[in-house]
1. I need the full set of residues from segment 33-62 which are of a type in the set (Asp, Glu) and without any contact (Cβ under 8 Å) to a residue 12 or more places away in the chain, in order please.
2. Out of the residues in segment 1-37 meeting the condition of being open to solvent by 80 Å² or more (accessible area, probe 1.4 Å) and at pLDDT 95 or above, tell me which one is nearest to GLY72 (Cα to Cα).
3. Can you say whether THR40 is exposed (fewer than 11 other Cβ atoms within 10 Å of the Cβ), modelled with pLDDT under 90 and in a helix (DSSP H, G or I), as far as the supplied structure shows?
4. From the list LEU77, LEU47, LEU68, which one is open to solvent by less than 70 Å² (accessible area, probe 1.4 Å), modelled with pLDDT under 90 and aliphatic (A, V, I, L, M)?
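The values are calculated or read from the model by the stated rules, or taken from the named source; none is laboratory data. Here the structure is a predicted model, which means the values were calculated and not measured. Don't worry about glycine lacking a Cβ; one is built from the backbone with ideal geometry, like all the others, and counts go over all protein chains shown. For accessibility, only protein heavy atoms count, side chains too; no ligands or nucleic acids. Shrake-Rupley method; radii C 1.70, N 1.55, O 1.52, S 1.80 Å.
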Amino acid sequence: MSALTKAKGFKRSKTGTYLSIGTTAFGAVSVIKQARKARTEHDTLQLVDAIVSAAAIVTGLAILVRELKRIGDDDVLFG
């Protein structure tokens, strides 16, 4: 089994999905800091960028949660 095959298998595993959720949620910290800075500097363009980035993070988390549920449905022991 090649390293690429193992990586693809990990990406579709529960552990890989949880790791992706954590990484995505960690990215939200950066977006929050960006939004706060934009608000204090009254920078509308940076604030819009932060809002769009936040929407992308929310969408990404929703997709990952859906994938986690899909993995759970395939797992007999998951319940």
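1. GLU41, ASP43
2. Going through the qualifying residues, I end up with ILE32.
3. When the stated conditions are applied, THR40 does not pass them.
4. Exactly one of LEU77, LEU47, LEU68 is open to solvent by less than 70 Å² (accessible area, probe 1.4 Å), modelled with pLDDT under 90 and aliphatic (A, V, I, L, M), namely LEU68.
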